[in-house]
Amino acid sequence: MKFVDLGRQYQRYKEKIDPAIQEVINGSQFILGKTVEELETALAAYVGTDYAVGVGSGTDGLLLALMAMHLKPGEEVITTPFTFIATAEVIALLKARPVFVDIDPKNFDIDLDRLQDTLATRQKAGAKVRAILPVSLYGQCADMDEINEIAAEAGLVVIEDACQSFGARYKGRMSCGLSDIGITSFFPSKPLGAYGDGGMVFTDSPETAERIRCLRVHGQKARYRHEEIGINGRLDAIQAAVVLAKFAYFEEELRARQEVACHYTELIGRIIPEIQPPMTMPERTNVYAQYTVRIPGGLRDQVASFLKREGIPTAIHYPVPIHMQPAFKDLGLGAGSFPEAEKAAGEVLSLPMHAFITSEEQEIVVNALSRAIKET
Ligand SMILES: Cc1ncc(COP(=O)(O)O)c(C=O)c1O
């Protein structure tokens, strides 16, 4: 059994994917160009933003978004400690400071009360807070309206890290289009994945879109004329072709993912009620980039080892909160700084999840999980 079975997906879509790749090779336009533009147009229309800009990865997209808002060394960006490293890494790369806010254990996203407290404390201390960077973790949106409201009052930019939530609905609107800037990732295992790295930045601001287009090609406006320091952060055409081919099936895949999640939740509720399945908050849909359960009682690692012995792959998203990563030791935030994030890091376990897993395979996973709980 695979954690994400990209082979099965390829077999289903091969007829669309193969000629799409071949067409790029035939046209020899490998960097940016027509296919990237076509994808940008299609995804901007899907999300409902005025602009979409293809970038080299989700990480590049986050970095470019912060560069586009002229984030300066010493300035601060509020974010969550319970995410993939890239979210906080890009802040540190620009020599700005990530300020963490603990999570709401229900949806693993930034807790709103703590957000307000932290913002007030940082402002009182005279810090230059510039942005809030919530993460729509595991496939459902953070509390974007409330976050936007808090940000508007304080004059901050909101950047949604939507690397796991492309396609998720929030009060009838789409993830990536809910704040000043939204970024997604086409990492191969994401719900809409390429066959290599890729990402997309979404915005309604013509200035932001224009700046990101310029910054993704070394700050170049005209050929070999560099207005400012940028990066090589372009989406390549073969990846765009793969994403575009898969996009034709995306809504169908999302429905399948939701059915898979429903089946897991129903089986878990029936067989192992002591395990907490993921909760989808009201007025939201979940694209289940991960189907992540919580295993309390300090059993998680033993359960994961048991499942591995049974041939069932699992993953931990994420075992070490960002503030406890060696890379961020200079922030001086040790254990106990963000108790909810630390607790979640010790309890979460992601189960095999993709649109093509069969119900029989899901039953094998849940039965093994049930035995693991009883025997560990
Ligand atoms: C929450 C989050 N942020 C950022 C990223 C970075 O995306 P990429 O791997 O495309 O650089 C990822 C992808 O793994 C992610 O899950």
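The values are calculated or read from the model by the stated rules, or taken from the named source; none is laboratory data. Computed from a predicted structure; not experimentally measured. Cβ atoms come from the backbone with ideal geometry, glycine included; neighbour counts cover every protein chain shown.
Taking each residue of the range 339-364 that is in a helix (DSSP H, G or I) and looking for partners that are basic (Lys, Arg) with beta-carbon atoms closer than 6 Å, six or more apart or interchain, yields Glu347/Arg294; Glu347/Arg300. The single residue among Glu253, Glu310 that is surrounded by 13 or more Cβ atoms within 10 Å (Cβ to Cβ), more than 16 Å from the ligand (Cβ to nearest atom) and within 30 Å of Lys34 (Cβ to Cβ) turns out to be Glu253. Among the residues making up the range 103-156, a single one is part of a loop (DSSP other than H, G, I, E, B), surrounded by fewer than 15 Cβ atoms within 10 Å (Cβ to Cβ) and under 23 Å from the mean Cα position of the chain (by Cα): Lys106. Looking across the range 72-102, the residues that are outside any strand (DSSP E or B), among the charged types (D, E, K, R) and within 21 Å of the chain's Cα centre (by Cα) come down to Glu89, Asp102. Number of residues in the range 254-291 that are over 24 Å from Arg371 (Cβ atoms) and either among the polar types (S, T, N, Q) or outside the structural domain of Ser359 (by TED's automatic domain parsing) (or both) equals 4. Scanning for something out of contact with any strand residue (DSSP E or B) (no Cβ under 8 Å at 6 or more places or on another chain), under 16 Å from Val260 (Cα atoms) and at pLDDT 95 or above, does the range 289-306 turn up at least one residue? Yes, that holds for at least one residue. The set of residues from the range 57-101 being within 29 Å of Gly172 (Cα to Cα) and either among the charged types (D, E, K, R) or touching an Asp or Glu at 6+ places or on another chain (Cβ under 6 Å) (or both) comprises Ser57, Asp60, Thr87. Here the condition is being among the hydroxyl-bearing types (Ser, Thr, Tyr) and within 16 Å of the ligand (Cβ to nearest atom); of Tyr138, Tyr224, it holds for Tyr138 alone. Comparison of Gly61, Gly48 shows that the only residue that is in contact with a Gly (Cβ under 9 Å, 6 or more places away or on another chain) and within 16 Å of the ligand (Cβ to nearest atom) is Gly61.
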